[in-house]
1. Compute the angle between helix 59-73 and the longest alpha-carbon principal axis of the chain, please, reported from 0 to 90 degrees and rounded to the nearest 10.
2. Keeping all protein chains in place and using 1.4 angstrom, which order do Arg87, Arg63, Arg29 fall into by accessible surface area, from largest down?
3. What order do Tyr25, Tyr98, Tyr34 take when sorted by accessible area (1.4 Å probe), most exposed first?
4. Return one number: the angle in degrees, 0 to 90 and rounded to the nearest 10, between the long axis of the Cα atoms of helix 10-51 and the longest principal axis of the Cα atoms of the chain.
5. Hey, how much of the P(r) for the chain falls beyond 22 Å, as a percent of Cα pairs?
6. Do you know the Lys pair count in the chain for C-alpha distances under 18 Å, with sequence separation 8 or more or different chains?
7. Quick check: Cα centre of region 11-32 to Cα centre of region 67-115, how many Å?
8. Normalised by the residues of region 23-126, what does the relative contact order come to in percent, with Cα pairs under 8 Å and at least six apart?
Amino acid sequence: MRSKQTGVTFIGWVILLIPVAICIYAGMRLTPVYLNYMKVAKTLDQLKGEIKGNDAANVVEIRRTIQKHFDVESVDYPEAKDIKITRDGRSWVVTAAYDDQAPLFTNIFILVTFDKSVTLGGGAND
């Protein structure tokens, strides 16, 4: 053995790089989940602009518009029927609150919770 060892050994590198590799792999697995959420958020923001001046909007029309955007954006989850649409005075509140998961290893998953709401029409502060 040397009296003065310098640097990191191979086993030291393995121990250092395994957590980094796991984090990078988790990021790769989560990327599609977050890209899907960005499509859902974009749909709700576009919906806000489309329904803004339409006080005669109803749940069916709002849901149909959401479904059209989901079809164009290729959003499979959540489905348009999973989006909660409620009345708040003269305005509509559209909420996409859902959980999505990404498989990490065999039976270990990463669970991500999303919650996006927009207020439509009715003279709300948009």
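The values are calculated or read from the model by the stated rules, or taken from the named source; none is laboratory data. Treat the numbers as computed from the prediction; the structure is a model and nothing was measured. To get the accessible areas, we keep the full protein, side chains included, count just its heavy atoms, and leave off ligands, DNA and RNA. Shrake-Rupley method; radii C 1.70, N 1.55, O 1.52, S 1.80 Å.
1. For 59-73 against the chain, the angle is about 40 degrees.
2. Result, largest first: Arg87, Arg29, Arg63.
3. From most exposed to least exposed: Tyr34, Tyr25, Tyr98.
4. The helix 10-51 is inclined about 10 degrees to the chain.
5. For the chain, the fraction of Cα-Cα distances above 22 Å is 52 percent.
6. Final tally of qualifying lysine pairs is 21.
7. Using only Cα atoms to place each centre, the spacing works out to 28 Å.
8. 30 percent
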